[in-house]
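Contents: one structure, followed by commentary.
The values are calculated or read from the model by the stated rules, or taken from the named source; none is laboratory data. Quick caveat: nothing in here was measured; it's all calculated off a predicted structure. So basically every Cβ, Gly included, is an ideal-geometry build from the backbone, and we count neighbours across all protein chains shown.
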């Protein structure tokens, strides 16, 4: 058990663990609505111990998407002019949504028969929305503010996406908009928000957010397959309004069943997580394509939007923390968002594969199982029931193989109904690799009819490359209760996301509710240890850990052989001796570590050897550490570092001298709770080491989790002062014996 001598936790200290998580008593998080610029004393108090916000205001975008009045600056009806087509589009859109449109042009009396005004100052009424079709929008921003315009869309390019000069111009635009008190979309955006949306479709809708307008086209065209879209926000360079603003807003809209996001860069990491948190609280799924997984993709994204993309591993982890479902392709984005928008919550997690071919069923089952979908074996009673209609020589355990013929008559519907009646079944998937009329027509009809009478999810994979068959175009796509896919992979991705989303939101508790708001006593203790811009010695780094309740070995820093012998007697043999200096990051490689010393003579000789090596290597020591020899356990690493987008991050992994070779780590962005600390361990390939292998006893996982949470507290409180912290190795002892930080490296910012 971890001893109280070093101020550390015991593995049974639930209260202390809660404090490490940040679950200290604090004010309830308040949800605000209104413009992002509306600060208050209450908002200022609602920040965590690092000064970062714990909530994001929801901008009131109702008048952006449904303005009562709007201005079009740079309107044109001259043939051959680029603005003419845009003007025509906006005239039609304003008519559809019932907005009063005011074209603005300095010399034209009218545009498409609508009277013009010569300038923004001449607008006959305050307008909700202004669309700027001008090359240099900056001079107009102040005029828009004076005219009390709420929103402006800047269509022009040539800003941050072009380089430093463009970035400076964009910064001036942002400052002007803030000073004018209006919200700005763009620049370098398009007018996808003003597309013609179908209003004859029912059911929950997809709200779409894209930085690149063209990349949203596949999702937008889902309307042609009968899937409703409610909004499209093309964010462009995000000088002001960003993806997080639209996520927060869409999460409050009752008609939105899912949010589909295409992002090239995220403007603000904390803002994005707060928006994702709002969606998770509301149980609204967010499905995202985030480019930048590769160096090439990252470079392209930066040149296109002028943003940092951040470490992709951190982006991936942050999205998982807050339930954002990350997919790779636009086809996955559309299929997954469509399923999540329309499907009811699962009654059970079991997935059954039903096919007319044993080969098809086996192939799909292999892929589904590899992806982690639960395919339970049907009960003996259920299999006996199915064999009433399916030949006895065919397997119906799951996958269910009907042999083909039963789907062509009354038996087909009986089989589907029997599978869906099983309480362990929540999802029925029927892969149809190709049409075989008339039986495939009958099968499609039976699946649709069964789906209309159940609250369980029915999925069909229509594998025909033609896609013109009536069973597909009319029967399957004509049903809002059947989820139809064209590929095995997209079906599996979507169903996995569907089950994962509902599992996540069912147990979701916002980590921002538990984030610490007041500094711990440790902060005062460690301020004197920090040296801006410098690396701490191992001894100083361990003092840092001790202040935060992380157990370290008994040790003394000595500057003579005689003092080393005295220290060894106090620490207790056997001892470890290490050279100590701020610039020593890897002592073992230089031969500056000695283990298992058992006598005074060994200690005396080792002191001289270590100081001689250091002198030869040109290392100026601050002393030699004489340390307690800790029993063997599992070597892990826990640390904190900084991400350019999200700020301080916490990492845990398999440690020791091969940590950089194995690269078996998991990362999280604070704040997070104990559940995520444990989930980090489950992501490690070497997780089994902690359970005990080849006769070794199970390790003290609780103690390891506590260290992760305490390092998180350090990340929150010292993140602006510490650039890096590595606790490696952290020796995790057998269950009930705790964990000990044998070495530590700390670099101050």
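Below are the figures for this structure:
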item	result
Output for the range 199-229, where each listed residue is farther than 20 Å from residue 330 by Cβ and touching a strand residue (DSSP E or B) at 6+ places or on another chain (Cβ under 9 Å)	201, 203, 204
The lone exception for residue 472 - which of (1) touching a strand residue (DSSP E or B) at 6+ places or on another chain (Cβ under 8 Å); (2) part of a helix (DSSP H, G or I); (3) not assigned by TED's automatic domain parsing to the domain that holds residue 446 it fails	(3)
Pairs, first assigned by TED's automatic domain parsing to the domain that holds residue 741 in the range 694-711, second in a helix (DSSP H, G or I) and surrounded by 23 or more Cβ atoms within 10 Å (Cβ to Cβ), C-beta under 7 Å, six or more apart	705/677; 706/20; 708/677; 708/680; 709/20; 709/21; 709/677; 710/20
Candidates 564, 547, 515, filtered to the one that is crowded, with 17+ Cβ neighbours inside 10 Å, over 29 Å from residue 320 (Cβ atoms), at pLDDT 90 or above and under 36 Å from the mean Cα position of the chain (by Cα)	547
Residue count, the range 610-621 (criterion: buried (at least 16 other Cβ atoms within 10 Å of the Cβ) and modelled with pLDDT under 90)	1
In the range 250-267, the residues that are more than 18 Å from residue 220 (Cα to Cα), modelled with pLDDT of 95 or more and buried (at least 24 other Cβ atoms within 10 Å of the Cβ)	none
Residue list for the range 703-749, restricted to those being under 17 Å from residue 654 (Cβ atoms), in contact with a helix residue (DSSP H, G or I) (Cβ under 8 Å, 6 or more places away or on another chain) and not in a strand (DSSP E or B)	704, 705, 708, 733, 743
Index of the failed condition, residue 203 passing every other in (1) surrounded by 23 or more Cβ atoms within 10 Å (Cβ to Cβ); (2) in a loop (DSSP other than H, G, I, E, B); (3) at pLDDT below 95	(1)
Count - residues of the range 388-432 that are farther than 24 Å from residue 349 by Cα, at pLDDT 95 or above and surrounded by 13 or more Cβ atoms within 10 Å (Cβ to Cβ)	4
Output for the range 384-427, where each listed residue is outside any loop (DSSP other than H, G, I, E, B) and in contact with a strand residue (DSSP E or B) (Cβ under 9 Å, 6 or more places away or on another chain)	386, 400, 401, 415, 416, 419, 420, 425, 426, 427
Boolean, residue 665 is closer than 22 Å to residue 268 by Cα and without any contact (Cβ under 8 Å) to a residue 60 or more places away in the chain	no
Yes/no for residue 247 being touching a strand residue (DSSP E or B) at 6+ places or on another chain (Cβ under 7 Å), modelled with pLDDT of 95 or more and not in a helix (DSSP H, G or I)	no
The range 210-237, residues that are assigned to a helix (DSSP H, G or I), over 23 Å from the mean Cα position of the chain (by Cα) and crowded, with 20+ Cβ neighbours inside 10 Å	222
Complete set of residues in the range 344-364 that are in contact (Cβ under 8 Å) with a residue 24 or more places away in the chain, over 13 Å from residue 427 (Cβ atoms) and part of a helix (DSSP H, G or I)	358, 360, 361, 362, 363
Checking residue 240 against (1) closer than 30 Å to residue 138 by Cβ; (2) in the same structural domain as residue 311 (by TED's automatic domain parsing); (3) touching a strand residue (DSSP E or B) at 6+ places or on another chain (Cβ under 6 Å); (4) assigned to a helix (DSSP H, G or I), the condition it does not meet	(4)
Subset of the range 674-691 that is in contact (Cβ under 8 Å) with a residue 12 or more places away in the chain and not in a helix (DSSP H, G or I) - its residue that is farthest from residue 549 (Cα to Cα)	685
Residue check for residue 270: surrounded by fewer than 23 Cβ atoms within 10 Å (Cβ to Cβ), under 12 Å from the mean Cα position of the chain (by Cα) and not in a strand (DSSP E or B)	yes
Where residue 719 falls short, out of the listed (1) within 27 Å of residue 538 (Cβ to Cβ); (2) at pLDDT 90 or above	(2)
Residue 611, sole failed condition from (1) more than 19 Å from residue 555 (Cα to Cα); (2) part of a helix (DSSP H, G or I)	(1)
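Table: residues versus (1) at pLDDT 50 or above; (2) within 30 Å of residue 121 (Cβ to Cβ); (3) touching a helix residue (DSSP H, G or I) at 6+ places or on another chain (Cβ under 6 Å).
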| site | (1), (2), (3) |
| --- | --- |
| 5 | no, no, no |
| 19 | no, no, no |
| 37 | no, yes, no |
| 59 | yes, yes, yes |
